[in-house]
Amino acid sequence: MVDSKSVMSQVQEMQLILHDLHAEGTEMSESFQVAAVIEKLPPLWKDFKNYLKHKCKEMRLEDLIVNLRIDEDNRKQSESKGTKRPVEDGSNLVEPNANKGKRKFKGNDQGKCKKFKGTCYNCGKPHHMAKDCRPPKKAKKEQPGKDVANHLTTSNVLDMEMDLAAVTFEANLADNPRQ
C-alpha cells in the first residue's frame, strides 16, 4: 500500500483481487487474508499495524475493515484540526548514546574543589592527610618524658623520699607445749 491513496480504497482493491482468486478456485483462509492486509498497510500506519499484530484473539476480515475505516477517519480529523502524527518512520526510536562512558570536560573548576587545609601527620607537608601520604609510615620515636608510664630509673628512686609503712592485719602465734 501507498501513503498517497486512502487506505480504504486500497483495501477495496485488495478485496477485488481476493475475490478474483476465489473465483478461479484458489482458496485462502480468512486469517491469512487478514494477515496479508495488515502486512500491506503503509509505513505511516506502523503503530496501528503493530497493535493489530499483537491482538490476542483472531480477527475477521470484516472487523479489520471496520477498524481500518475508524482509524482512517480519526487520522483525517486530527489532520484537519492541525495535530499531525509523526511523518518519519521510526520517530519513536531511542538512539544509543554515542558518548556513553565518556565524560565531558567541564573546564577549570579547580577553585571549587574543597582541599584539606591541615598538614599531614606522617610527613608534615600541607594539603594532604596521612591516609593519602605517599611516603611509608614512620615509626613513632620515643621521647623522654613523653608517653612513658610507670618507668622508674635509679636516679628517680634516690631522689624520692622513702616513707615506709607496714600494716599487720592479723597475727597468729602458735606455741609448742613440748618444749
Residues of the range 1-37 being of a type in the set (Gly, Ala, Ser) and closer than 16 Å to LEU52 by Cβ, in sequence order, are SER31, ALA35, ALA36
Taking only pairs six or more apart or across chains, which ones have beta-carbon atoms under 9 Å, a first residue in the range 58-72 that is more than 16 Å from GLU30 (Cβ to Cβ) and assigned to a helix (DSSP H, G or I), and a second residue that is at pLDDT below 90 and small (Gly, Ala, Ser)? GLU72/SER6
Six or more apart or on different chains, Cβ under 8 Å: which pairs go from a residue in the range 1-30 that's hydroxyl-bearing (Ser, Thr, Tyr) to one that's at pLDDT 85 or above? Could you list them? SER6/GLU72
If we keep just the residues of the range 53-88 that are closer than 20 Å to PRO43 by Cβ, surrounded by fewer than 10 Cβ atoms within 10 Å (Cβ to Cβ) and at pLDDT below 80, which is nearest to the chain's Cα centre (by Cα)? GLU88
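With respect to ILE70, determine if the residue is among the β-branched types (Val, Ile, Thr) and in contact with a helix residue (DSSP H, G or I) (Cβ under 7 Å, 6 or more places away or on another chain).
The answer is no for ILE70.
The values are calculated or read from the model by the stated rules, or taken from the named source; none is laboratory data. This one's a predicted model, so the numbers in the text were calculated from it and none came from an experiment. Reconstructed Cβ throughout: ideal geometry from the backbone, glycine too, with neighbour counts over all protein chains shown.
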